[in-house]
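Presented below is the structure to which this report refers.
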Amino acid sequence: MEVSNQNILSVVLADEQLTKLREEIYQMILMETKRVRADMLVNVRYLSKKEACEYLGIAFNTLTIWIKLGLPQIVIGGTIRLDRVEIDKWMHKMSEHLNKS
C-alpha cells in the first residue's frame with residue numbers, strides 16, 4: 001500500500017505541551033471509564049448505598065435524606081441494598097407529588 005505524503009501530518013510539541021496532552025487524554029479516559037461503570041449499574045437490580053448514589057448521581061448525604069423521606073431499602077443482617085426498580089418508582093412518585101404541589 002502506497003502512502004501519499006499529503007496524508008501525513010507531523011506535530012511537534014514542547015515537553016510541557018506533551019505532558020498536558022497526556023493528562024487531558026488520561027482525564028477523558030477516566031471520565032469515560034466512570035460513565036461506563038455507572039451505565040453497567042442499569043443491569044444490576046440490587047444496589048449498595050454507594051452504587052445507588054452513583055446510579056442517582058447524588059451525594060451520600062442526599063441518599064440518607066431520601067431514605068428518611070421514604071426511599072425503600074432492604075436490610076438483611078445489617079446489609080443494606082436498594083432495589084433499582086423501587087428507586088425508579090419512588091423517584092417518579094416523588095416527582096409527581098412535588099409537581100402537584
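Observations
- Projection of the Cα convex hull of the chain, averaged over all directions and equal to a quarter of that hull's surface, yields 13.5 nm².
- Sites GLU16 and ILE67 - FRET efficiency at Förster radius 35 Å, r taken between beta-carbons, to 0.05: 0.15
- Across region 43-101, the fraction of Cα-Cα pairs farther apart than 17 Å, rounded to a whole number, is 35%.
- The chain - percent of accessible surface contributed by carbon and sulfur, probe 1.4 Å: 56 percent
- Nearby aspartates and glutamates by direct alpha-carbon distance to LYS49 (threshold 20 angstrom, same-chain neighbours under 8 apart not counted): ASP39, ASP83, GLU86, ASP88
- A 1.4 Å probe over all protein chains sorts ASP88, ASP83, ASP39, ASP15 by accessible area into ASP15, ASP39, ASP88, ASP83, starting with the largest.
- Interchain or long-range residues, amide H under 5 Å from ASP83's placed H: LEU47, ILE74
- Placing +1 on the Cβ of every Lys and Arg and -1 on the Cβ of every Asp and Glu, with no other charges, gives the chain a dipole of roughly 740 debye about its Cα centre.
- Based on DSSP H segments of at least four residues, each scored -39500 (n - 2.57), the chain has a per-residue ellipticity at 222 nm of -19500 deg cm²/dmol.
The values are calculated or read from the model by the stated rules, or taken from the named source; none is laboratory data. The structure displayed is predicted, hence computed values, not measured ones. Cβ sites come from the backbone with ideal geometry, for glycine too, and all protein chains shown count toward neighbours. Surface areas here come from the heavy atoms of the whole protein model, side chains and all, with no ligands, DNA or RNA. Shrake-Rupley method; radii C 1.70, N 1.55, O 1.52, S 1.80 Å.
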